[in-house]
Amino acid sequence: RDLLASGGVVAIKLAQMIAEDPRVPAHYRDLLGSLRDDNDPMSIAEWWLRVPTSIRSKISELGPCLGTGSVKQVHIARLGRAEEQPTGPIAGSALPLQPPSFHNMDKGPEEYAVAVLRRNVEDEALASLDALGASDELAPVAQRLARLVFGEFNLFGEGEALGEFASTSIGRHPRFSVVKVKHHSPRCLVEERARGKTVAKVLRGATTRHLIRRQTRHRLLDDAKEAEKHRKVTATEKATATAPGKDGGGQSTPGQDQVSRAVPRRGTTGRPVPKRYPGEGNLDFAAMDDEEMDVNAALDLLVEYHKVILQAFLDDGLIHSDIHLGNAVLEKTQMAAPPPEVPTKGRRRDAAPALPSRTVEREGKQYRYRFKLFDVGQFERVAPADTKAILWTLCWISTPERQTLLRSIAIKHLAAVSILSCFHFSQDNLSVAMMQEELEQRISDAFDDAIKPFSDGTHPDKKTAFILFLRNAEEKGVSLPKSFFAIAKMIDGIVSQQESYGIEPVFDNTIETFLKRSMTWGETIVLGQTAAKMQWAKTFTTTNSSNSSSSSSGSGTGGTTAGGSGEGAAPGGVGISK
C-alpha cells in the first residue's frame, strides 16, 4: 500500500482498480480501497492557498478534511457573507488571506464540500505515463490511463457532469439523488455536502453472517410469494371445476386442463409449498441491529441501482461507468409520517418510476434510505446503433452455444459501427464490399482468439473474454467505438459488486429481454435458420455415431449386409460408416 501510495496518481488509480476485483482477498481489497480517500493530505495552509480568491472570500467557517483522494482534497466549509470574512494575513507567512475559524461542523444547513486539486498531480501523472509509454506492450494501456486520469483533473467538467447527471433517469429516480453544485472551475469544485457513511464503508461491515441471513430471507420471501400464487391458482381451479362449462356440465375444458398441468405444484426452489409460510416473523427488520439493518438496506438499494443503471443504458444510451461505492453515501433519515404515494396519472412516459424511497420500519419508527451521489465520474451517451452492437456482442460471448448461434448477427452489428484503422496491404484497389468483408473477418478472428482456452485448459469467463476481444480487435486494426471500453468498465463494476456481496445478478436477463423486444424480422429469420442448422448438425452427429457402432459390429461377422461376402464386404461397410 505504501509503495503504491508513493507512486503518484497513476499508481493510486491502479490500487483502486485492484481493490474492486472480487478475486483479491478481502483484507487487501480493504487495504488498497482506502487509497480512494485516505492518502497523505496537504496542510491546511497549502490547501487554502489553492482555493480561488473568489471562493475564499465567501467561506466563513472551515471544517475538517473529508478525504484526500488521488486527485483532489476535500474540506467541509460553511459559506457566509463577504463582510464576515477575516482579511488580515497570517503572521509570519505569505498567505494573502487567513483561513477562517476551524470548527467541527457536524451539523449546519449551509455546509458544502470544497475540493481542490492536489499539488503536483499533473507532474506525477506525466512521469508515470511516460514510463508506461516506453514499453510496447503497455503503451495502449498508458493511452487509456491518460484519458482516465487527465479527465479527473478538470473539476469544471466534473461539476458539469454532476449537473447533467442529475437530469438523467438515474438522477431523477426517487431512490437515488445527486448533490447540487455551488461552484465549479478547472481547479476547484464546491458542492452540497452529502451526509452519512459512504456505501463502501457501510458494506465493509457486511460479514458472512449478514450475507447468509439476507440470502435466506430473500429465499423465504420468494417461497412465500410462490405459495400465495399457488393458493390463488388452486382457488381459481376449484371455482372453475364447480362452475358449469360451455357444454353445461361441471367438467373443465381441454384448454383448462393444459393450464392446470402447467401450474407448478412446488415452489421455485423445488420444495413443497407449505400451508403456512415458515419464518414469516423473521422477514422484518425488528430482529436486526442498526449495522445489519443498514447493510441490508444498502444491498437492496444496490440491486435497484444496478437495474436502473442498465435500464438507463438500454433506454437512453447512458453509460455510467464509474459506479464505485465510495462515490455515494447511504442517507438514513427518520420519517415522522409514512411517505406520500406518488401519483401515477399525469406522469410523463419517460419520468422516473412511481416508487417511494427505500423505507424500513422498526420499533414503530420509519427510516428512509437513499443513495446520494457526490461523484459520478466520466459518463457518456451512445447512439442506438452502438447500444445494440454492444448488447449483441455481450450476448454472443456469454455461452458456447450462443457463440455459434449469434455469430453472424453480432458481427453485422459490430461491423456497422466499426472501421478499419490500419491495413497490411494496399487499399487502392479495394471495393467497399471487400473492405466490409475484411472488417468482418478481422472481428471474427479477434473473437475466436478471445474465447480460446488458456494454457492450463480453462476457458475465460465472459467478462474476461469481452476484455480480450477488445484488446484483440485493437491489435488487428479494428477501431471499435470508444463506448465499448466504457461499457466494459461498467460491466466489470456491476459484476464485481454482485460477486463480492452475493446479490442478485440482473445483467443477463435485462439484456436478453431488450434484445428479444428489439429484434428485427430479418434477425429472427437468421436466428431460426442458424438454430435449425445447429439442431440438424447435432442430430446428424448422433445418428452418424450410432451408424458407426452398427457398422463396426456388422463388419465383425463378415459384413455381408453391407456389400456382399468376401473381400467386397469391408469396403462397403466402411462406406456406410463414413
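The values are calculated or read from the model by the stated rules, or taken from the named source; none is laboratory data. Keep in mind the model is a prediction, meaning the values are calculated, not measured. Using ideal geometry, Cβ is built from the backbone for each residue, glycine included, and neighbour counts are taken over all protein chains shown. These accessible areas exclude ligands, DNA and RNA; they are computed on the full protein's heavy atoms, side chains included. Shrake-Rupley method; radii C 1.70, N 1.55, O 1.52, S 1.80 Å.
Here the range 386-500 is assigned +1 on the Cβ of each Lys and Arg and -1 on the Cβ of each Asp and Glu. Its dipole about the Cα centre then comes out at about 320 debye.
For the range 1-68, a crude dipole built from +1 on the beta carbon of Lys and Arg and -1 on the beta carbon of Asp and Glu, taken about the Cα centre, is about 220 debye to the nearest 20. Go through Lys388/Lys482; Lys462/Lys538; Lys72/Lys489; Lys412/Lys516; Lys307/Lys388; Lys463/Lys516 and tell me which ones have a Cα-Cα distance over 20 Å in this structure. Check vs 20 Å cut-off fails for Lys462/Lys538; Lys72/Lys489; Lys463/Lys516.
Peptides 1-14, 408-421 ranked from most to least packed by the mean count of surrounding Cβ atoms within 10 Å: 408-421, 1-14.
Counting charges near Pro453 (Lys, Arg +1; Asp, Glu -1) among other residues having Cβ under 15 Å from its Cβ returns a value of -2. Each Lys or Arg adds one and each Asp or Glu takes one away; over the other residues whose Cβ falls under 14 Å from the Cβ of Thr399, this sums to 0. Using a cutoff of 8 angstrom between alpha carbon atoms and counting only pairs six or more residues apart, the relative contact order for the range 390-544 works out to 27 percent.
Counted by Cβ distance under 10 Å from Ser408, the other residues give a net charge of 0, where Lys and Arg count +1 and Asp and Glu count -1. Expressed as a whole percent, the accessible surface of the range 396-510 that belongs to carbon and sulfur atoms is 54, based on a 1.4 Å probe. Ranked by the mean number of other Cβ atoms within 10 Å of their residues, highest first, the peptides 145-153, 114-122, 527-535 come out as 114-122, 145-153, 527-535.
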